[in-house]
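Participant: This is the structure, below, for whatever I ask next.
The values are calculated or read from the model by the stated rules, or taken from the named source; none is laboratory data. What you are looking at is a predicted structure, and each value in this text was computed from that prediction instead of being measured. Using ideal geometry, Cβ is built from the backbone for each residue, glycine included, and neighbour counts are taken over all protein chains shown.
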Amino acid sequence: MTGPFDAVFLDDEAVFNDAAIHRILGEVAETSHGKRLAEGCPRDKLAERLASARVQWQVFSASHRRRAGRVDQRLATAFRRLAKSAKRFETDLLEEVIQEEVIARRWLSVFPTPPDLKAFLDILKRVISIAEGSTQTYEYRVKGRSLKEWFVGVLALIFKDCFGRSAGAGSGDKSARGDQDIYYGPFTRFAIAVMEEMGEDLSPDIVKRALRPPRRKHKQAKRLHKR
């Protein structure tokens, strides 16, 4: 019998491989400014962040379908503690195992070679990602936001971290290929390309809604603007 998270552990397909990252950056580079952003993007870091985000998407969407709109602070707290403990364990383990850049002799029976240690750490990172995603899942309350709008927010953080620019849903400039009818900005192109690699559709309208400030903050901003 399987639970909602088992598929995440069993799914080892490398969706964000070199070819996928190349396609995503190619979409970002379709505008002149996006081309400069794509050239300076650390590919390995982007692939790692997107792989982690995909795990969050899998956990979030599976749990949301089962418990749509339900908030469970007890589970959120449990998953938060798990993520925190796993991160602490990862740090302590590396300090204990790695001595002068090699595996300490007393740990060779557990990790005979560096690839063995790396494989274990990769699994541990996946556990951390799932725990963090589950924390958000059980804290999340649907208030006019769809799952895809939530995920665009996740991608916005990755975009800023890897491209050095805040996400925006602006219309962008003319396509680098000279297309006359496509004026989406770099982030919109990035978000659509990422979701496409995951087998999901994403429209520019969803990106716009996701980046729009919450209704309450939006009203406050309008009142301040009138003053």
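Participant: Residue 109 fails exactly one of the following numbered conditions: (1) modelled with pLDDT of 85 or more; (2) part of a helix (DSSP H, G or I); (3) farther than 23 Å from residue 47 by Cα; (4) of a type in the set (Ser, Thr, Tyr). What is the number of that condition?
Facilitator: Among (1) modelled with pLDDT of 85 or more; (2) part of a helix (DSSP H, G or I); (3) farther than 23 Å from residue 47 by Cα; (4) of a type in the set (Ser, Thr, Tyr), residue 109 violates only (2).
Participant: Let me ask something else. Would you point out the residue of segment 151-167, among those that are among the small types (Gly, Ala, Ser) and crowded, with 16+ Cβ neighbours inside 10 Å, that is farthest from residue 56 (Cα to Cα)?
Facilitator: Within segment 151-167, the match that is farthest from residue 56 (Cα to Cα) is 167.
Participant: Does at least one position in segment 93-103 carry a residue that is exposed (fewer than 11 other Cβ atoms within 10 Å of the Cβ), under 30 Å from residue 149 (Cα atoms) and either in contact with an Asp or Glu (Cβ under 7 Å, 6 or more places away or on another chain) or modelled with pLDDT under 90 (or both)?
Facilitator: no
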